[in-house]
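Right, one structure below, let's go through it.
The values are calculated or read from the model by the stated rules, or taken from the named source; none is laboratory data. Owing to the predicted nature of the structure, the values given are computational and were not obtained by experimental measurement. Glycine gets a Cβ as well: all are built from the backbone with ideal geometry, and neighbour counts include every protein chain shown. Surface areas here come from the heavy atoms of the whole protein model, side chains and all, with no ligands, DNA or RNA. Shrake-Rupley method; radii C 1.70, N 1.55, O 1.52, S 1.80 Å.
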Amino acid sequence: MRIPAATTYRGEITFQRNLNMTRELLDRYQFHLVMLGVNYSADISVNGEFVANHAGGFTSFAASLPENALQAGDANIIRIAVNTELTPTTTLPPRASVWGMKNYGGVYREVFLLGTPRFYVRDAVIRSDLAANGMSARVTGYIIVEGKDSLTDDGSSGTGAVMEVVDRISGVTVATSAVVPLVRKGGEWEEARTEVLLFNPKVWSPEAPDLYLVRCKLVRAAGKEIQLVDEYDVATGVRSVAVAGGNILLNGKRLVLKGVTWYEDHPSWGSAIPAAERERDVVLMKNLGANAVRFVGHPPHPTMLDLCDRYGLLALEEIPVTQTPGALLATEHFADLASTALQEMIVRDRNHPSVLAWGLGDEFETTHPAARPFVEMLVQRARLLDQRPLYFCTTAGNSSCDDLVDFAAVDVREQDVKAFRTRLDAWRGAHRKQPLVVARFGTEVQQENRNGYSDPLSQEAQARFFLQRLDVLRTLDYDGAIVWSFNDWLGDRPALTVHSGDPYLHSVGLVSAAREKRLAYDAVRSVFRGEKFVAMPMGTYSSGAPIIYVLSGFVVLIAVAYVYNASRRFRESLHRSLLNSYNFFADVRDQRIVTVGLSTLLGVMVSFALAIVASSLLYHFRDSLVLDNLLSYLLVSDRLKAWAVHMIWSPLRCIVISAGLVFVTMVLAAGFVHLLKLFVRARIFPFHAYTVTMWATAPLLVLVPVGMILYRVLESSVYVIPAFALVAILVLWVFLRLLKGVAIVFDILPFKVYLLGVLAVAVVGGAAYAYFDYAQAAPIYVSFLLSTLAQ
């Protein structure tokens, strides 16, 4: 396959390339395999010799090839073994439950061999200190060299480092540092510190993104001449960033962020977006009037930051510590992964003037006792590498870590505008000394829906959503608003709570996944640019309850009434099973008073009664994140969950399929009851087990009229708990009736049967808990979800 390319394959993939090398190249250069992005982990070997391993799909890395790893000729083989799997506890990011980004695997960013001199500049850190009056700037370069000087072994050959600052547009050198001698101690080269002073510098800002080219040169004195050994170029800008007095300051002036979140996803290329498409996205953001972009939960392709430098977009860049429970933050392994990812992100991107701040995570469990030491560790690591502001994003109002970072960034889920304002008032009250940034707020939209803003999924409603909330933020004088999001994207797991029609597609963008502008794009643009926006139609939307529940319940009710009146034996059996169950089950054992046909008919009617209620409950809670996550844990297969999502959103299909599943479950339960004959002396036939199982469920017929009105009843939150209580009581009653029937038919002491029944439930429940804990770490994620929703 041609790379870079993104794949959705889960598992191990091996990429192999044959390479022809000449002896001249091998003698002249030190080679490094540079990989801008491989997801998730990669084992690299050259000609069968292991070279390096790297974990983490969003950060770049370079592996220096050992001497003689490559041979002259065309028999060289570079092999990259990639494992694309994410797990709930051992990878960064952990495997998402719902609403997480698509886990594209493979070599999805560029990979190449870099040839350097054997004595070369490995890295350079460029820092600029802008004077308060903006009339001068001190540019400092920390040049890191590696390798062995070919002339002497002790580094005394007159080798040094020099830095030139070049105007990016004119190409004129505006300043050159003195040559700094290189010093070698303990087998390593010390970092060379170079410095220049710029007068009347061009200052980088979103309005004027002026750049300089800094050339870091490794030179050697050869008599009176200076010989160039290696050159490392860095495009950077002069600017200052500070947090003071509760404000974010850029070049000494207060900065108010007007931004969008961007997801590295495209329907044609996945995460392997071509350079031209990335630039198109940046142009659309600038035309929007944005001055910032948040790369939520992942460092982007490095050239995306080059575009931000050139076009003038401030970048909020984050490591992928997303939706992570506190129990995971407490593990040493996860802390090491996060620390490594933070270091790789900062080291790669710290020379970009567009990077405003480093993000330590998004919506992890900041209220957990492990959160504070976790954040302290990351803050300490980041401060050693760079002095930019630090932040993390949270929904928690009582986070224990806010004082450790420079500004408070909150993700706001509230969809009601009054609740939105109330939440922000409370947030400001708790963070008066910090700049306040709303790092994410948005709403779903259906691409073809133009029904007016009374329809909550219309383009007009999305536009009105942003107009109202941006106005609230303006009146509350917040320091930034990051719209969620610029583009639609695909999730890694199917989600019940999406309204796009595709359980994988999260349709919340100002532009669609194919980059088609929506009405909300123009609405946000009008606010960001201070322009007028046209009035929008209200429409005539109304949300009615699906009539299918009334119709299907009515059909089942008629069927029950007909059978009840037409069949005397059914009527008498129903009365006796409910009012005198002991004698009924005894007669089933001794006289076989009920036919298989009537038992089957009862089972079918009960199945539909229970299916109507189940469908009503599922449809009512189709926007519940709790249910969405529980389905991901219970239905381990994504295909199975995607099927379940489509079923839940289609009530008629849900009723029919659920009824079939309930009936099959009842038949399997009857089969299990029949197997108990192996442990008793009684002579039991399949008829006994089948009849006892079906008639034990008779109380569930009361759910027929309940199912007809349940969806309407649930619209009032007062009746939610009573509805669940009613269903739970009936199911418990059926379970006890089944145990009683088994005791009578098998002629066993009831106490033993009840004890064995409770024990069986406990064993099955314990086994299920152990499985879901082992396979998906479900208990800690459910606990985290519930604690988050309780905020």
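As a test, work out the antiparallel percent of DSSP beta bridges whose residues both lie in the chain, rounded to the nearest 5. Mind dumping the intermediate values first?
Values: 90 of 120 bridges.
Here the share of antiparallel DSSP bridges comes out near 75 percent.
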Task: D_trans [Stokes-Einstein, Kirkwood Rh over alpha-carbon pairs] for segment 388-445, 10 °C, 1.306 mPa s, µm² s⁻¹ - done: 133 µm²/s
Open item on the list: If DNA, RNA and ligands are ignored and the probe is 1.4 Å, what is the ranking of Glu49, Glu318, Glu164, Glu146 by accessible area, most exposed first?
Closed with: Glu49, Glu146, Glu164, Glu318
Open item on the list: Rounding to the nearest 10 and keeping the result within 0 to 90°, find how far the Cα-based axis of helix 332-349 lies from the longest principal axis of the chain.
Closed with: 40 degrees
Open item on the list: To test your reading of the geometry: what angle, between 0 and 90 degrees and rounded to tens, separates the Cα axis of helix 720-745 from the longest principal axis of the chain?
Closed with: 50 degrees
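Taking the Cβ-Cβ separation of Ser170 and Thr303 as r and a Förster radius of 25 Å, what is the calculated FRET efficiency to the nearest 0.05? Write down the numbers at each step before the final one.
Working: r = 24 Å, r/R0 = 0.95.
About 0.60, to the nearest 0.05.
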Open item on the list: With every protein chain kept in place and ligands, DNA and RNA left out, what is the accessible area per residue of the chain? Probe 1.4 Å, answer in Å².
Closed with: 44 Å²
- [ ] Show that you can apply the helix-only estimate: for the chain, add -39,500 (n - 2.57) for every DSSP H stretch of four or more residues, divide by all residues, and state [θ] at 222 nm to the nearest 500.
- [x] -12500 deg cm²/dmol
- [ ] State, to one decimal in nm, how far the label point of Glu49 lies from the label point of Ile144, with both points 7 Å from Cα in the Cβ direction.
- [x] 2.4 nm
Task: Mean projected area (nm²) of the alpha-carbon convex hull when segment 589-663 is viewed from all directions - done: 6.3 nm²
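Work out, step by step, the length gained on full extension between Glu279 and Ala762: first 0.36 nm times the residue separation, then minus their alpha carbon distance; give nm to one decimal. Numbers along the way, then the final one.
Working: separation 483, 0.36 × 483 = 173.88 nm, distance 5.77 nm.
Here the answer is 168.1 nm.
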- [ ] Return a whole-number percent for the relative contact order of the chain, with Cα pairs under 8 Å and 6 or more residues apart as the contact set.
- [x] 9 percent
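Filter the cross-link list Lys102/Lys286; Lys148/Lys224; Lys217/Lys286 down to pairs whose alpha-carbon distance in this structure exceeds 31 Å. Could you put the intermediate results ahead of the total?
Numbers: Lys102/Lys286 26 Å; Lys148/Lys224 23 Å; Lys217/Lys286 35 Å.
Correct reply: Lys217/Lys286.
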Open item on the list: Could you compute how much accessible surface Trp733 exposes when probed at 1.4 Å, giving the result in Å² to the nearest 10?
Closed with: 110 Å²
- [ ] If a/c stays under 1.5 just call it rounded; otherwise compare a/b with b/c (prolate if a/b is bigger, oblate if not). Do that for segment 1-146, with a ≥ b ≥ c from the square roots of the Cα gyration tensor eigenvalues.
- [x] oblate
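May I ask you to derive the relative contact order of segment 180-315, considering only C-alpha pairs under 8 Å and at least 6 residues apart, and to give it as an integer percent?
Working: 172 pairs, mean separation 26.9, N = 136.
Once divided by the residue count of segment 180-315, the mean separation gives 20 percent.
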Open item on the list: If you fit an axis through the alpha-carbon atoms of helix 581-590 and take the longest principal axis of the Cα set of the chain, what angle between them do you get, 0 to 90°, nearest 10?
Closed with: 80 degrees
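Which semi-axes, in whole Å and largest first, does the equivalent ellipsoid of the chain have when worked out from the alpha carbon gyration tensor as the square roots of 5 times its eigenvalues?
Working: eigenvalues 790, 209, 93 Å².
Listed largest to smallest, the semi-axes of the chain are 63, 32, 22 Å.
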Task: Shape box of segment 697-791 [Cα atoms, principal axes, largest first, Å] - done: 53, 41, 17
Open item on the list: Which residues does the label zone of Ser400 cover in segment 331-370, counting backbone N under 13 Å from a point 7 Å along Cα→Cβ?
Closed with: 365-370
Open item on the list: Quick check: pseudo-label points 7 Å beyond the Cα along Cα→Cβ at Leu578 and Glu207, how many nm apart are they?
Closed with: 7.8 nm
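Leaving out ligands, DNA and RNA, what percent of the accessible area of the chain is carbon and sulfur, probe 1.4 Å?
The value for the chain is 58 percent carbon and sulfur by accessible area.
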TODO: Between Leu197 and Leu749, take the C-beta separation as r, use R0 = 60 Å, and let me know the FRET efficiency to the nearest 0.05.
DONE: 0.05
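Can you give the FRET efficiency for Val636 and Ile721, using 1/(1 + (r/R0)^6), R0 = 25 Å, r = Cβ-Cβ distance, to the nearest 0.05?
0.30
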Task: Volume in Å³ per residue [convex hull over Cα atoms, computed for segment 744-791] - done: 101 Å³
Open item on the list: How would segment 349-452 be classified by its alpha-carbon gyration tensor: rounded, prolate or oblate, with rounded meaning a/c under 1.5 and the a/b versus b/c comparison settling the rest?
Closed with: prolate
- [ ] Give the dimensionless ratio obtained when the Cα radius of gyration of segment 187-301 is divided by 2.2 N^0.38 Å.
- [x] 1.49
Task: Inter-label distance for Ile3 and Arg79, nm, one decimal - labels placed 7 Å from Cα along Cα-to-Cβ - done: 1.4 nm
